[in-house]
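Colleague: Could you have a look at this structure, given as structure tokens, before my questions?
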Amino acid sequence: MSAALLEVRDLALAYGDVQVLFGVSLRVDEGEIVTLLGSNGAGKTTTLRAISGLRLPRGGEIRFRGESLLSAPASKRAAMGIALVPEGRELWPQLTVRENLELGAYTRSARARARRNLERVFSLFPRLRERHAQFAGSLSGGEQQMCAIGRALMIEPKLLMLDEPSLGLAPILVDQTFQIVRTLHEQGLTVLLVEQNLQKALEVAKRGYVIETGTVKLSGSSPDLLADPAIRSAYLGL
């Protein structure tokens, strides 16, 4: 078995008095693509935000390369190599594509290599090179997703977390987005993917976890989850 890059154990989290996560546990090994599946409101986004440091859990443990993250602020987690591409992209619409990308290089080590990493992003996404001087708000949905992924790559992540990357995209752009995920994985990046398109997610991921009402209900290899009658009925309508 590969070394664990990320381990989440018994994660509990609440928004005020409303508990959202009830003991979520998962593991992502070095070099894997792992997907979190579930319906809206199941707790998938909250799990990613807890890992990235944007939400503080009330219980449980998060370890990255064996080191506890519970006392580490989001900025330190980014410096350690954890990057989140949020649902809805969350670009700065009145800044150019290049400015959005450069703002992604906010850790000290990333700033030192910003020019090289910008060139890497432009090589991966030639469309962004063409659009580098455009306001991000004027981009198409697919181009905005490229920009959001590119911004996350500017910190040279060891773990890339993607929250609903296909949301709102036309089918051809969904295919392109998942091809980008495959390419990044082939380049050695470990990926934790939250996605409602179960078929696409399990085609690209090695393993998956199904979250329902803040609890992991099922986990297994992608072929096993795709073949599970309960999964096929609940998420594929089959």
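The values are calculated or read from the model by the stated rules, or taken from the named source; none is laboratory data. None of these values were measured; they are calculated from a predicted model. Reconstructed Cβ throughout: ideal geometry from the backbone, glycine too, with neighbour counts over all protein chains shown.
Colleague: Filter the strands (runs of 3 or more DSSP E) completely within region 1-119 down to those with at least 1 residues that are of a type in the set (G, A, S) and modelled with pLDDT of 95 or more.
Modeller: By residue number, 4-15, 18-29, 59-64, 82-85.
Colleague: If you don't mind, another one. Here are L225, L167, L159: which of them is in contact with a strand residue (DSSP E or B) (Cβ under 8 Å, 6 or more places away or on another chain), closer than 24 Å to A50 by Cβ and at pLDDT below 95?
Modeller: It is L225.
Colleague: Does F178 count as modelled with pLDDT of 95 or more and out of contact with any Cys (no Cβ under 6 Å at 6 or more places or on another chain)?
Modeller: No; evaluated as a whole, the condition is false for this residue.
Colleague: Could you list, in sequence order, all residues of region 218-227 that are surrounded by 15 or more Cβ atoms within 10 Å (Cβ to Cβ) and more than 15 Å from V8 (Cβ to Cβ)?
Modeller: Once the filter is applied, which keeps residues that are surrounded by 15 or more Cβ atoms within 10 Å (Cβ to Cβ) and more than 15 Å from V8 (Cβ to Cβ), region 218-227 yields L218, G220, S222, L225, L226.
Colleague: Same structure, new question: Check L167, L162, L202 and return the single one that is assigned to a helix (DSSP H, G or I), hydrophobic (A, V, I, L, M, F, W, C), under 30 Å from S25 (Cα atoms) and out of contact with any Lys or Arg (no Cβ under 8 Å at 6 or more places or on another chain).
Modeller: L202
Colleague: Pull up region 51-78, narrow it to residues that are in contact with a Phe, Trp or Tyr (Cβ under 9 Å, 6 or more places away or on another chain) and not hydroxyl-bearing (S, T, Y), then point me to the one that is nearest to L139 (Cα to Cα).
Modeller: A78
Colleague: List pairs: first in region 132-145 and part of a loop (DSSP other than H, G, I, E, B), second surrounded by fewer than 21 Cβ atoms within 10 Å (Cβ to Cβ) and of a type outside the set (K, R), Cβ under 6 Å, 6+ apart or cross-chain?
Modeller: A133/T96
Colleague: Against the condition surrounded by fewer than 20 Cβ atoms within 10 Å (Cβ to Cβ), within 17 Å of the chain's Cα centre (by Cα) and aliphatic (A, V, I, L, M), how does L189 come out, does it pass?
Modeller: For L189, the condition - surrounded by fewer than 20 Cβ atoms within 10 Å (Cβ to Cβ), within 17 Å of the chain's Cα centre (by Cα) and aliphatic (A, V, I, L, M) - is met.
Colleague: From S52, S109, S71, grab the single residue that is over 25 Å from T177 (Cα atoms) and in contact (Cβ under 8 Å) with a residue 24 or more places away in the chain.
Modeller: Result: S109 is the single residue among S52, S109, S71 that is over 25 Å from T177 (Cα atoms) and in contact (Cβ under 8 Å) with a residue 24 or more places away in the chain.
Colleague: If I ask for residues that are in contact (Cβ under 8 Å) with a residue 60 or more places away in the chain, of a type in the set (G, A, S) and assigned to a strand (DSSP E or B), which ones from region 205-238 would you list?
Modeller: G208, S219
Colleague: Need the failing condition index for L128 against (1) part of a helix (DSSP H, G or I); (2) under 14 Å from the mean Cα position of the chain (by Cα), just the number.
Modeller: Single failed check for L128: (2).
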